[in-house]
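The values are calculated or read from the model by the stated rules, or taken from the named source; none is laboratory data. Note that the structure is predicted; figures quoted are calculated from it, not measured. In this analysis, Cβ positions are derived from the backbone assuming ideal geometry, glycine residues included, and neighbour counts consider all displayed protein chains.
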Amino acid sequence: MPKMPMIGNPEQPVLALYHHGMLVGFKNAVYIFPGTETAVLLLSNAVAINDGPGWIGHLIIQTLFDDPVKHDYVALARDSLSFGLEAYDRIEQQFRAELHNKTIICPKPLGAYVGKYYNEVKTFYMDISIKDKELWLNLQGNAVENYRLKHHNGDEFSWHMPRNEQVRRGRNPITYMDIWNPQCR
């Protein structure tokens, strides 16, 4: 969403403690207002394209505090749904454009990419292996987290997959490009 609505009057701010969390299949929004000893807690058990608990929470808070500015949360939720769905198309188009504009080369034999690649603090790793003459990505040694890597260009490979495949595999749908292109260095 390009811009989120403002709840309340900026001239009379109310302290709000907020937490938004999610795991695959679950989203939540927690709002605590110490000044009024009020809490709003929303839980969802769906792999949603937009933030249902957030939108519902905003609506409840708008009503709870009798906000004079009434936002159309149904319209905002529809807009965010469209924005979320379009994100997958944007990623796909970006992949195609990058492939179209590059000279596709694979300068190294696949075996040169095999190994474990750790983040800087050594708390997460990707294991790259060869299976059936293709590179495969495994996350954290988890037996169900195996993904075929598709050559992108040079030393770039992608494990990008459509949203429905992400959901089918129990992944949290990702709508930004960078995560799909691990670079082996």
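Among the residues making up the range 49-78, those that are free of Cβ contacts under 8 Å to residues at least 40 places away in the same chain and among the aliphatic types (A, V, I, L, M) are I56, L59, I60, L64, V74, A75, A77.
If I ask for residues that are out of contact with any strand residue (DSSP E or B) (no Cβ under 8 Å at 6 or more places or on another chain) and exposed (fewer than 11 other Cβ atoms within 10 Å of the Cβ), which ones from the range 7-22 would you list?
First, the residues of the range 7-22 that are out of contact with any strand residue (DSSP E or B) (no Cβ under 8 Å at 6 or more places or on another chain): 7-13.
Matches in the range 7-22: P10, E11, Q12, P13.
Residues of the range 135-155 that are of a type in the set (D, E, K, R) and either in contact with a His (Cβ under 7 Å, 6 or more places away or on another chain) or at pLDDT 80 or above (or both): E145, R148, K150. Considering only residues in the range 98-132 that are among the acidic types (D, E) and not in a loop (DSSP other than H, G, I, E, B), the one that is modelled with the highest pLDDT turns out to be D127.
Can you name the residue in the range 136-159 that is of a type in the set (S, T, N, Q) and touching a residue at least 12 places away in the same chain (Cβ under 8 Å) and, of all such residues, is farthest from K116 (Cα to Cα)?
Narrowing the range 136-159 to residues of a type in the set (S, T, N, Q): 138, 140, 142, 146, 153, 158.
Narrowing further to those that are touching a residue at least 12 places away in the same chain (Cβ under 8 Å): 138, 140, 153, 158.
Details: N138: 9, Q140: 9, N153: 21, S158: 16 Å.
Checked the range 136-159; the qualifying residue farthest from K116 (Cα to Cα) is N153.
Out of M22, M4, one residue alone is within 28 Å of E165 (Cα to Cα) and outside the structural domain of R169 (by TED's automatic domain parsing). It is M22.
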